[in-house]
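A short worksheet on the structure shown next.
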Amino acid sequence: MKIEDIADVLGCSKAAASMLRSGKYERKGGELHARYQALVRLVDAEAALARVPDISAICRACPREDCTGCRIAEI
């Protein structure tokens with residue numbers, strides 16, 4: 001994430017966003033730090049979902065007429 005994006009989403013200064021991203025934010029127990037951690041978890045979860053292949057697209061492109069023996073169909 002870019003510092004500008006972090007600052008915009010969290011409503012903080014770019015300096016605070018930079019310190020949060022680098023792990024040097026001094027008030028680690030504060031609300032801003034907790035919101036930053038929640039943002040990181042959300043962005044990581046979205047990135048993980050984006051890495052999951054679209055199985056239906058693979059099946060549509062498959063030349064087989066039936067799914068017998070197909071590993072993707074077994075999933």
Taking a crude spin-label model, label points 7 Å out from Cα along the C-beta direction, the LYS24 to ARG60 distance in nm is 4.9
Applying the Karplus parametrisation 6.51 cos²θ - 1.76 cosθ + 1.60 with θ = phi - 60° to the phi angles of the range 8-25, what ³J(HN,Hα) value in whole Hz is obtained for each residue in order, glycine and proline being reported as x?
-> 5, 5, 8, x, 10, 6, 5, 5, 5, 4, 5, 5, 4, 5, 7, x, 9, 5
The range 36-75: C-alpha gyration tensor shape, a/c 1.5 cut-off, then a/b vs b/c = prolate
Out of every Cα pair in the chain, what percent are spaced more than 14 Å from each other?
-> 69
Accessible area, probe 1.4 Å, largest first, for residues ARG21, ARG35 | ARG21, ARG35
Can you send over the solvent-accessible area of GLU31, 1.4 Å probe, protein chains only, in Å² to the nearest 10?
-> 130
Among HIS33, ALA47, MET1, pick out the residue whose Cα is farthest towards the positive end of the charge dipole of the chain, where Lys and Arg carry +1 and Asp and Glu carry -1 on C-beta, about the Cα centre.
-> HIS33
Sorted by accessible area (1.4 Å probe), largest first, how do ILE55, ILE6 line up?
-> ILE55, ILE6
Phi-derived 3J(HN,Hα) across the range 47-62 with the Karplus relation (6.51, -1.76, 1.60, θ = phi - 60°), rounded Hz, x for Gly and Pro, is 5, 5, 5, 5, 7, 6, x, 7, 5, 5, 5, 5, 5, 5, 8, 6
Taking the chain and counting helices only, DSSP H stretches of n ≥ 4 at -39,500 (n - 2.57) each over all residues, the nearest-500 ellipticity at 222 nm comes to -19000 deg cm²/dmol
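The values are calculated or read from the model by the stated rules, or taken from the named source; none is laboratory data. Here the structure is a predicted model, which means the values were calculated and not measured. Reconstructed Cβ throughout: ideal geometry from the backbone, glycine too, with neighbour counts over all protein chains shown. Note: areas computed on protein heavy atoms with side chains; ligands, DNA, RNA excluded. Shrake-Rupley method; radii C 1.70, N 1.55, O 1.52, S 1.80 Å.
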